[in-house]
Structures are given as C-alpha cells and as structure tokens.
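Engineer: I am attaching a structure below and will ask some questions about it afterwards.
Values in this text are rule-based calculations from the coordinates and carry no lab data. Here the structure is a predicted model, which means the values were calculated and not measured.
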Amino acid sequence: MRAWTLLCAVVVAATGCRQARDFLPRTHTTSLSPDGRYTAFVRQGLNMDPPDDHLFLATRGGPTRVLIDLAPDADWCTRIAWTRDSRKVGFVVADDRLPLFNAETGTLEAFFFLAGTGCCGGSQDARNVSLNTDGTEVSFDR
C-alpha cells in the first residue's frame, strides 16, 4: 500500500493535478425501472483521473449487461430517465446528451443532443430530463 501511495503522490506532483478523492471503483448512480424489472446503474472504473463511467442494465433474476463505456476523463453520468412503461432507459451524459436504450435487448435506439456548448454564454446543461411514454420525445430544462 505504501508503494501505491507514493506512486500516487509522485504522479500528482509531476502533473500538477489534484488527486481525485474517489478514484476507486464504485457504483454511484442507480435507478429502478417503474415496473421494478430492471435496474440501470453507472459504475466508475478504477482511474486516478475520473470520470471513468460505464453504463449498465440489470434484469431482475437475469443478466447484467454493459451498455456502453463513456469516454474516460471526459464524460460522466449522474442521472437516469425511464419511460413510464419501463421499455426504454436513457442516461444523461455530461448533462447534455441522452443515449436511449431498449431495456429488453440493451440496444441503443436513439441518441439525443439536449443542450449545446452555448457559443457565447458558456455551457448549457439539461436538467429535469424526462421521456414521453414511448421514448420518442425528451423534455428538459436548460
């Protein structure tokens, strides 16, 4: 453990970056589908420079599938949205994008760009993201 701590200190000192406090693997966001059959979750991988998020979908009594791996050190996910019928699940990525997956098959069905970089006014984050009944429309606040 001492060697690991020393290595971390050397890397931090050499790069001039602050050491991440939560670089250990962990599940940090979970969401149960409205019908209770599925659990969507975001797991952070082992990375000294997070985020390193991976999107998962588990079926009650069935398999857990990796849906996608987000770009390390660039993308994150802290919010998940479901359709009311639990057929589709969306993950809000970097507060401005929403990949939408079929809960039964785990396939990517759509990819919504919610908010832009805001040319002159800075970034525009999407808040209060929700899906309509069949997942064809997304509503949110900027």
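Engineer: Please list the non-local residues whose amide H lies under 5 Å from the amide H of ARG142, H modeled 1.01 Å from N, same-chain partners needing a gap of 5 or more.
Structural biologist: ARG127
Engineer: Restricting things to Cα coordinates, could you compute the convex hull volume per residue of the range 30-120 in Å³?
Structural biologist: Numbers: hull volume 8.5 nm³, N = 91.
Per-residue hull volume (Cα only) is 94 Å³.
Engineer: Using each residue's phi in the range 74-85, evaluate 6.51 cos²θ - 1.76 cosθ + 1.60 at θ = phi - 60° and report the 3J(HN,Hα) Karplus result to the nearest Hz, with x for Gly and Pro.
Structural biologist: The phi angles translate into 9, 10, 8, 8, 10, 9, 10, 10, 10, 6, 4, 8 Hz.
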